[in-house]
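What follows is a short report on a single structure.
The values are calculated or read from the model by the stated rules, or taken from the named source; none is laboratory data. Since we're looking at a predicted model, the values are computed, not measured. Here the Cβ positions follow ideal geometry from the backbone for every residue, glycine too, while neighbour counts run over all protein chains shown. What goes into the accessible areas is simple: the full protein's heavy atoms, side chains included, and nothing from ligands, DNA or RNA. Shrake-Rupley method; radii C 1.70, N 1.55, O 1.52, S 1.80 Å.
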Amino acid sequence: MTANDSPSGRPPGPQTTTYDSTFLKACRREPVPHTPVWFMRQAGRSLPEYLKVREGIPMLESCMRPELVSEITMQPVRRHKVDAAIYFSDIVVPLKAIGVDLDIKPGVGPVVAEPIRSRADLARLRELTPEDVWYVTEAIGLLTGELGETPLIGFAGAPFTLASYLVEGGPSRNHEHTKALMYGDPQLWADLLDRLAAITSSFLKVQIEAGASAVQLFDSWVGALAPADYRRSVLPASAKVFQAVAEYGVPRIHFGVGTGELLGLLGEAGADVVGVDWRVPLDEAARRVGPGKALQGNLDPAVLFATPEAVETKTREVLAAAAGLEGHVFNLGHGVLPTTDADALTRLVEFVHTETAR
Ligand code: CP3
């Protein structure tokens, strides 16, 4: 028997202690004692303890300080008792790490100094090495010790969403420059997405090798595309990322917003778990995604601004739609909104755990 061939099928390495966690079991579509919960963008934002440790430290700099990253990643786990931690970083960190001149502007998001729009610009995107992101390896080393049996989710931006920031130069409503490149120069577009797929794959591998027990690919803005364009111009690059990390055996989650028409194709790209926004009920989403995948989602994040009774009613609706799924990880349909009341999140975790206890 080799190290890769344990009787339980567990992957070797630091993930062993989290293998039997409720979150990973649900991702693997195994029976669970209760539905696991975590929240996209659970770290940071409105948590007072986050605002305190971040005081005076710019966002990207905070991502490069291992002890601070570890502390911020732990904060929502301690406060809300969520079933998984998400590594504190940002989707543009690997781009910054290979030398792209960009910054994260508070209230705006990532802003790129010189957008990438020509073949000459492509040369600015070199391959990512583990040394470029040494602080990620170090922070995850600290975290796996602190987290114990709570799994850590690593993450990266998907090629399309990263391309949108790089080509537009910042956040965009219509993605017009991105689409202009995609339709106008398909070969340059394919080369750009390929390069981003390689960077993203390397970044996820660093996180898994350091101890992340699952990974999520955020394709936040992919809902801007029609299915035929997604299949032709984006799916192959995202599929390469999932393929690149398949050998580790950790669950791979795929999430986008406004993806009702794309859910089947998101499943085809190769993830084990498909994240669903709040627009499609989970039973209908399961029909669109097809068998053999767990689903993650999908309470509208804005519901948390309603009364506690309304939150419970809307949560029961999500759980009822999820009742027949092969595997369900409870989450919001997109990230926690910045002014969300932290106590509403804590109550929501407890409510889902109690309602689904079996
Ligand atoms: O739980 C967590 O918060 C984990 C860390 C995390 C951040 N960004 C930290 C962050 C994660 C998982 C992300 C992912 C991310 N970043 C996505 C995908 C998820 C999604 O929301 O769709 C995207 C599209 C980005 C790009 C980005 N970075 C945006 C749109 C913003 C918001 C700008 C703003 O200020 O409203 C950021 C900045 C950012 N990333 C902050 C944090 C905590 C806020 C910066 C700050 O606190 O100063």
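Here the range 13-355 is treated with +1 on each Lys and Arg Cβ and -1 on each Asp and Glu Cβ, and its dipole about the Cα centre works out to around 420 debye.
Phi angles across the range 70-79 convert, under the Karplus curve 6.51 cos²θ - 1.76 cosθ + 1.60 with θ = phi - 60°, into 3J(HN,Hα) values of 5, 4, 5, 5, 6, 3, x, 5, 5, 6 Hz, Gly and Pro given as x.
For the chain, the longest principal axis of the alpha carbon atoms and the long axis of helix 134-147 meet at an angle near 0°. The range 318-333 and the range 13-61 have their alpha-carbon centroids 18 Å apart.
Here, the range 36-147 is characterised by an Rg to Rh ratio of 1.01, where Rg is the alpha-carbon radius of gyration and Rh the Kirkwood radius. The Cα center of the range 246-314 and the Cα center of the range 101-148 differ in position by 26 Å. One decimal place: the segment HIS34-ASP191 gains 52.1 nm when fully extended, by the rule 0.36 nm per residue minus the C-alpha distance. For GLY275, the amide hydrogen comes within under 5 Å of the amide hydrogens of HIS254, PHE255, GLY256, GLN296, counting only partners 5 or more places away or on other chains and with H modelled in the peptide plane. For the range 156-226, trypsin sites (Lys or Arg not before Pro) meeting the loop criterion (DSSP other than H, G, I, E, B) and having at most 13 other Cβ atoms within 10 Å: ARG173. Between ALA246 and GLU114, the contour length at 0.36 nm per residue exceeds the Cα-Cα span by 44.1 nm. A probe of 1.4 angstrom, applied to the heavy atoms of all protein chains, finds ASP341 with accessible area near 80 square angstrom. The HN-Hα couplings worked out from phi for the range 39-48 by the Karplus form 6.51 cos²θ - 1.76 cosθ + 1.60 (θ = phi - 60°) are 10, 4, 6, 6, 7, x, 6, 8, 5, x Hz, whole numbers, x standing for Gly and Pro.
Shape summary: the range 212-358 maps onto an equivalent ellipsoid whose semi-axes, from the alpha-carbon gyration tensor, are 27, 16, 15 Å in decreasing order.
Helix 159-168 versus the longest principal axis of the chain: what is the Cα-based angle in degrees, 0 to 90, to the nearest 10? Here the helix axis deviates by roughly 50 degrees. With all protein chains in place and a 1.4 Å probe, the accessible surface of the chain carries 53 percent carbon and sulfur.
Global dimensions of the range 218-301 from alpha-carbon coordinates: Rg and Dmax equal 11.9, 34 Å.
Close amide H pairs (under 5 Å, H built 1.01 Å from N) link SER220 with ALA158, residues at least 5 positions away or on another chain. 3J(HN,Hα) along the range 281-291, derived from phi through the Karplus expression 6.51 cos²θ - 1.76 cosθ + 1.60 where θ = phi - 60°, amounts to x, 5, 5, 5, 4, 4, 5, 6, 6, x, x Hz, with x in place of Gly and Pro.
Placing unit charges on the Cβ atoms of the charged side chains and taking the dipole of the range 13-355 about its Cα centre, the candidate lying farthest along the positive direction among PHE242, GLY184, VAL32 is GLY184. Using a cutoff of 8 angstrom between alpha carbon atoms and counting only pairs six or more residues apart, the relative contact order for the range 219-285 works out to 38 percent. With a simple spin-label model that places each label point 7 Å from the Cα along the Cα-to-Cβ direction, the separation between ASN174 and ASP103 comes to 2.8 nm. The residues packed around ALA180, meaning those with a beta-carbon under 11 Å from its beta-carbon, carry a net charge of -1 if Lys and Arg are +1 and Asp and Glu are -1. For ASN331, nonlocal amide neighbours, meaning residues 5 or more places apart or on other chains whose placed amide H falls under 5 Å from its own, are GLY297, ASN298, LEU299. Taking other residues whose beta carbon is less than 13 angstrom from the beta carbon of THR129, and scoring Lys, Arg as +1 and Asp, Glu as -1, yields -2. For the pair GLU284 and GLU131, the difference between a 0.36 nm per residue extended length and the Cα-Cα distance amounts to 50.7 nm.
Helix 342-355 and the longest principal axis of the C-alpha atoms of the chain enclose an angle of approximately 60°. Considering helices alone, the calculated mean residue ellipticity of the chain at 222 nm is -13000 deg cm²/dmol, with DSSP H runs of length four and up weighted by -39500 (n - 2.57) and normalised per residue. Over the chain, the reciprocal of the mean inverse Cα-Cα separation, the Kirkwood hydrodynamic radius, stands at 20.5 Å. Using C-alpha pairs below 8 Å separated by at least 6 residues, the relative contact order for the chain is 21 percent.
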